[in-house]
Amino acid sequence: MLPADAWARRTMATSRLMQQNDLLADALQRAGEDVIRPGGLTLISAVTNIVETQRTFRAVRFLPVVAARDRRPTVNGLKLFIHEHPNSRYFRYAVMTCAEPVPAFGDLRGAVQELSRRISKWGHEIGKCYDIEVLYRGIEFTRSTARERDAAAAERGQESDLSARYGADTVLYHVHANVLYWPKRNIDKLWLDFLRYTKQFMGAYWRDNERLGNVEEIVKYCSKPADTLAASDDELVWLYRQTQRLKICQPMGEFRRWLRELKTQRKKIARVHDGRGDGKLMRVKKGRRGGNQEEAADEDGNLIEDDEANEDGDGDAAEDAHEVPKTRERTGAAVPPSNLVIGLSLPQWRHSPWAEPMIMIQNYDPAAAFGEDGGDIQAWQRQARQWWDDAFAPPPEEALRVARMALDASMSSNEICEAAEAACYIVHTCRPTVPAPGNADEEVPPEELDDDLREVVSLFDGATVVRLAPRPTDEDDEIPFEAPDVVARWAKMRADLAESEARWAEWRASAAHAAGRSPEHGCRIAA
């Protein structure tokens, strides 16, 4: 179980990411860019039975969901690289900017390429002069009007004439890079000289942010969510085409060689859960899916889009490298089968703070039959509910109610946590016998409750406190909740114990009698 407030923050962040992703995908689709695959994937939660249909996107890194997936190897790798590196305490994080902003529909690609080349040259020069190595470079750009940028500069006490040069309402994109670098030796005496040299070399504003606190600060999406949501469809299409096939996240130096060695060993960095907390990052062996070849990837481990695979080909030379087998032409449109059951996923915190597995179905049609796969789904649901109950999770309806409370954000985090803890103890109880007349349970009025109990009850809509009537004296002390075969097994066990006790008593009596015999009766006593 996740803390309810932490689960709510995580769910809201995922919702914002999907909102940003859908906005971009729909804008690109309207512009004729095919980024959404036909069909789709339906997820049915195995315990709460919530049906959710997801769209499947092509490998376009401009989409935030795809970008987050492709960034994960770099994020995990950089975290483990920093953790294992003996000199990681000397790693520093800097921000470098372009001298001029790029107006919307301008040459954004050229600005990104020029900044990337300048950082590469800067890394080469400082390596020779100051023994400093650049480990990573990530591109990011922000969006605002010229008027907004002038106002921000005025607050910092700086002069800016962007409104006069571009027009006050002109949308400008400011390109900058997040850089991780490593001074390999003590350069305290040369530090000021290094700062002046870097400013002169870059020809624009830059800032040293000292040590890196969080890897996600530098390995992130190229645009802020608020900027993406504020952009028009034409701007989004322009951004996609300007950043297509650009390396936004670029490992460099020793970190790049470290990732290349992992690829040579066919390993990757993944978080392995050990049952105590969130787990830890470890090297794991890559597997092959059904014996197929691995997905195309560049030397940094990033997945390559379909139209990027042959980007560096040499025309005729690339065509002569291998002969592409001919495929037969289809005579008619193939109709994909409905309700194709793919499998059962690992437990996910998707709909509540309690994890549950998801049944994955392609081309879901609730009106169509599942056929032979229907039995598998029912078996998976029974098994998932068994896992759910074994983990002492609350009833599914209570779990969903706690989830709604957490997402509503109308209650404090402490109240949400109290409700989540109380949900695990809400069970359906029954009495072993029918209560006798006159011994009915009594509902306690709210005014008789203490403050703490009244506050807990207020968390549950329509809940009341019941004072159970005393149990009649003629009722058996043992509540017969066990099944008949269990009762029979316990009865046989008691009988066996009684029989064993009788045999032990007989043996003890015979042993005591034998100990009292004299030597004349054949007993040998050691001297």
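The values are calculated or read from the model by the stated rules, or taken from the named source; none is laboratory data. Everything quoted here is computed from the prediction, not taken from an experiment. All Cβ positions, glycine included, derive from the backbone under ideal geometry; neighbour counts span all protein chains shown.
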Checklist entry - Can you name the number of the only condition in (1) free of Cβ contacts under 8 Å to residues at least 12 places away in the same chain; (2) under 23 Å from Ala99 (Cβ atoms); (3) of a type in the set (Phe, Trp, Tyr) that Phe201 fails? => result (1)
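Of everything in region 103-132, what is among the charged types (D, E, K, R) and in a helix (DSSP H, G or I)? Give them in sequence order. Before you say what the answer is, go through the steps one by one.
Going through region 103-132, the residues among the charged types (D, E, K, R) turn out to be 107, 109, 114, 117-118, 121, 125, 128, 131.
Correct list: Arg109, Glu114, Arg117, Arg118, Lys121, Glu125, Lys128.
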Checklist entry - Being in contact with a Leu (Cβ under 8 Å, 6 or more places away or on another chain), assigned to a helix (DSSP H, G or I) and at pLDDT 85 or above, is that true of even one residue in region 368-382? => result yes
Item to check | region 216-263, residues that are closer than 19 Å to Tyr173 by Cβ and aromatic (Phe, Trp, Tyr) | outcome: Tyr221, Trp238, Tyr240
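Is it true that Thr198 is on the phi < 0 side of the Ramachandran plot, under 29 Å from the mean Cα position of the chain (by Cα) and polar (S, T, N, Q)?
Details: on the phi < 0 side of the Ramachandran plot: yes; under 29 Å from the mean Cα position of the chain (by Cα): no; polar (S, T, N, Q): yes.
No, not satisfied.
Any chance you could count how many residues in region 228-261 are charged (D, E, K, R), in a helix (DSSP H, G or I) and either within 22 Å of Arg16 (Cβ to Cβ) or in contact with a helix residue (DSSP H, G or I) (Cβ under 6 Å, 6 or more places away or on another chain) (or both)?
Looking only at region 228-261, we keep the residues that are charged (D, E, K, R), and these are 233-235, 241, 245, 247, 254, 256-257, 260-261.
With the extra rule that they be in a helix (DSSP H, G or I), the set shrinks to 233-235, 241, 254, 256-257, 260-261.
From what's left, either within 22 Å of Arg16 (Cβ to Cβ) or in contact with a helix residue (DSSP H, G or I) (Cβ under 6 Å, 6 or more places away or on another chain) (or both): 233, 235.
Total satisfying the criteria: 2.
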Checklist entry - Within region 338-372, can you find the residues that are more than 15 Å from Thr53 (Cα to Cα) and buried (at least 16 other Cβ atoms within 10 Å of the Cβ)? => result Leu344, Pro347, Trp349, Ser352, Pro353, Trp354, Ala355, Glu356, Pro357, Phe370
Checklist entry - Which members of region 151-169 meet the condition of being surrounded by 12 or more Cβ atoms within 10 Å (Cβ to Cβ) and over 39 Å from the mean Cα position of the chain (by Cα)? => result Ser160, Leu162, Ser163, Arg165, Tyr166, Gly167, Ala168
Next on the checklist: If I filter region 36-48 for residues that are among the hydroxyl-bearing types (Ser, Thr, Tyr), loosely packed, with under 14 Cβ neighbours inside 10 Å and at negative phi, do I get at least one hit?
Outcome noted: no
